[in-house]
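Student: Before I ask anything, let me first share the structure, which is written out below as structure tokens.
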Amino acid sequence: MTRVLVVDDEPQILRALRVNLAARQYEVAVAPDGGTALRVAADWHPDLVILDLGLPDLDGVEVIQGLRGWTSTPIIVLSGRADSTDKVDALDAGADDYVTKPFSIDELLARVRAVTRRTGQRDDEDATVQVGEHVIDLTRKTISDGVRLTPTEWHFLEILVRNPGKLISQRQLLTEVWGSSYLKETHYLRQYMAQLRRKLERDPAQPVHLLTEPGMGYRFQP
């Protein structure tokens, strides 16, 4: 049974999510603040965290950073903050998705299914990929030679390398990495692709593995 930790300081939201998730065969724990959430996560090891940003003790971004210090558990942010800066901060800290309040239960449950499906798609064998001189272990999230990536860089790269040779559209990348409200932010793609090339390509100015298809999207060429 998939374990879900719901973190929110509004009792009615905790209650509604606990009931709806439990009815769909999720095992649910709740936390009313950031400190409790970090303790429960450390003890219980949830498979997914649904996290409000506006908590009474810690900012939600701090909670994300605390979790990302030791776990890659998917995090869906649930927040009344609609400003794009808050979304970028949360996603860059390591959140996997962002749902703005007020929200529909059906939409949130669809996001939960999508995230758990995506993160559950792992081969039994070690998922390793060669990019130039670097060996990338997608299961352990490590790269040879001590190369380190941010959570957002990992998410971006993983979509590409799990689809070798396939053109991944700008729309798909923006939706999967940042969310459907970021479909016009194509400069994010250019920025993160440039960062990945600097870290992984022998000559970032003339990439041979992480390729751009102008106006269309990006492709990983093994």
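The values are calculated or read from the model by the stated rules, or taken from the named source; none is laboratory data. As the structure is a computational prediction, the values presented were derived from the model and not from experiment. Cβ coordinates were reconstructed from backbone atoms using ideal geometry, including for glycine residues, and neighbour counts include every protein chain displayed. Surface areas here come from the heavy atoms of the whole protein model, side chains and all, with no ligands, DNA or RNA. Shrake-Rupley method; radii C 1.70, N 1.55, O 1.52, S 1.80 Å.
Student: Report, ordered by the first and then the second residue, all pairs with beta carbons closer than 9 Å, sequence separation of six or more or different chains, a first member in segment 93-118 that is of a type in the set (S, T, N, Q), and a second member that is surrounded by fewer than 19 Cβ atoms within 10 Å (Cβ to Cβ).
Tutor: Thr100/Gly80; Thr100/Arg81; Thr100/Ala82; Thr100/Ser181; Thr116/Thr2; Thr116/Asp47
Student: May I ask you to list the residues in segment 1-46 that are at positive phi and either in contact with a Lys or Arg (Cβ under 8 Å, 6 or more places away or on another chain) or part of a helix (DSSP H, G or I) (or both)?
Tutor: His45, the sole residue that qualifies.
Student: Taking Phe156 as meeting all but one of (1) farther than 14 Å from Phe220 by Cα; (2) under 17 Å from the mean Cα position of the chain (by Cα), write down the number of the exception.
Tutor: (1)
Student: Report the residue count in segment 145-158 for those that are aliphatic (A, V, I, L, M) and either open to solvent by 20 Å² or more (accessible area, probe 1.4 Å) or modelled with pLDDT under 85 (or both). If you could, list the steps in order and put the result at the bottom.
Tutor: First pass over segment 145-158, keeping only residues aliphatic (A, V, I, L, M): 147, 149, 157.
Add one more test, that the residue is either open to solvent by 20 Å² or more (accessible area, probe 1.4 Å) or modelled with pLDDT under 85 (or both), and what stays is 147, 149.
So the answer is 2.
Student: Quick check: anything in segment 99-121 at pLDDT 85 or above and part of a strand (DSSP E or B)?
Tutor: Going residue by residue through segment 99-121, those that are at pLDDT 85 or above are 99-113.
Now restrict to residues that are part of a strand (DSSP E or B): 99-100.
Among the residues of segment 99-121, at least one is at pLDDT 85 or above and part of a strand (DSSP E or B), which makes the answer yes.
Student: Also, quick follow-up: Which number in (1) assigned to a helix (DSSP H, G or I); (2) more than 25 Å from Asn20 (Cα to Cα); (3) open to solvent by less than 50 Å² (accessible area, probe 1.4 Å); (4) of a type in the set (Val, Ile, Thr) marks the one condition that Thr71 misses?
Tutor: Thr71 satisfies all of (1) assigned to a helix (DSSP H, G or I); (2) more than 25 Å from Asn20 (Cα to Cα); (3) open to solvent by less than 50 Å² (accessible area, probe 1.4 Å); (4) of a type in the set (Val, Ile, Thr) except (1).
Student: If you take the residues in segment 166-222 that are basic (Lys, Arg) and more than 22 Å from Gly146 (Cα to Cα), which one is surrounded by the fewest Cβ atoms within 10 Å (Cβ to Cβ)?
Tutor: So the residue we want is Lys184.
Student: Determine whether Tyr188 is within 22 Å of Arg111 (Cβ to Cβ) and modelled with pLDDT of 90 or more. Before the answer, list the steps.
Tutor: Numbers: within 22 Å of Arg111 (Cβ to Cβ): yes; modelled with pLDDT of 90 or more: yes.
Against the criterion (within 22 Å of Arg111 (Cβ to Cβ) and modelled with pLDDT of 90 or more), Tyr188 qualifies.
Student: In contact with a strand residue (DSSP E or B) (Cβ under 8 Å, 6 or more places away or on another chain) and surrounded by 15 or more Cβ atoms within 10 Å (Cβ to Cβ): which single residue out of Asp92, Asp59, Asp86 fits that description? Steps first, please.
Tutor: Details: Asp92 fails: in contact with a strand residue (DSSP E or B) (Cβ under 8 Å, 6 or more places away or on another chain); Asp59 fails: in contact with a strand residue (DSSP E or B) (Cβ under 8 Å, 6 or more places away or on another chain).
Matching residue, one of Asp92, Asp59, Asp86: Asp86.
Student: Then there is this: If Val49 satisfies every condition in (1) open to solvent by less than 20 Å² (accessible area, probe 1.4 Å); (2) assigned to a loop (DSSP other than H, G, I, E, B) but one, which is the exception?
Tutor: Single failed check for Val49: (2).
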